[in-house]
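Okay, so here's the structure we're looking at.
A short reminder: the numbers here are calculations on the coordinates, not readings from a lab. All values reported here derive from a predicted model rather than from experimental measurement. A quick note on method: Cβ atoms are made from the backbone with ideal geometry, for glycine too, and the neighbour counts reach across all protein chains shown.
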Amino acid sequence: MIALQLNHNHTPTALAHLNEKLEALLADSEVEDEVRFERMLQLVRQRDSLISQHLSSLDESSRRQFAQNELSVNNQLNELAQSLLNSAKNDISHFIKSQSAIKKYK
């Protein structure tokens, strides 16, 4: 799993708590993938809402600094999502190939 750094100097407390939940979810290997993906989507949507609210409460200079820091975090989350998508594609491909091999031996 990719090591994430979701907090920065300008992270508000509420967002830091949400980031902790997201990091804990991603680190918990006992959660089924389907549940993990659904919960991750919920947390990312909450992050988006919190970030939008926080941005609207900042002055222009602070907003720019916060947005620059969050861009880095967003890129990390995009990389993570892409790696999860690629992993799921590989799993599906392997499953389909296995099914084809089984049919050949029947």
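Farthest toward the positive end of the dipole of the range 13-105, out of A27, S87, L50, is the Cα of S87, where the dipole comes from beta carbon charges about the Cα centre. For the chain, the relative contact order comes to 33 percent (Cα pairs under 8 Å, sequence separation of at least 6). With R₀ fixed at 30 Å, the C-beta to C-beta distance from A27 to Y105 puts the FRET efficiency at about 0.15. Label-to-label distance for N7 and D48 is 2.5 nm, based on points extended 7 Å past Cα in the beta-carbon direction. For the chain, the pair-distance distribution built from all alpha carbon pairs, in bins 5 Å wide starting at 0, is 2, 10, 18, 20, 14, 10, 8, 5, 4, 3, 2, 1, 1, 0 percent. Can you classify the range 41-102 as rounded, prolate or oblate using the Cα gyration tensor, where a ≥ b ≥ c are the square roots of its eigenvalues, rounded means a/c under 1.5, and otherwise it's prolate if a/b beats b/c and oblate if not? Prolate. Under the combined filter of DSSP loop state and at most 14 neighbouring Cβ atoms within 10 Å, the range 27-98 retains these GluC sites (Glu not before Pro): E30, E32.
Between A14 and D91, the simple spin-label model (points 7 angstrom out along Cα→Cβ) gives 3.3 nm. In the elastic network of the chain, a GNM with C-alpha springs shorter than 10 Å, the most mobile of V73, V44, V35 is V35.
Give me the number: length gained by fully extending A81 to E60, i.e. 0.36 nm times residue separation minus the C-alpha to C-alpha distance, one decimal in nm. Could the numbers behind the result be given before it?
Working: separation 21, 0.36 × 21 = 7.56 nm, distance 3.01 nm.
Difference between extended and current length: 4.5 nm.
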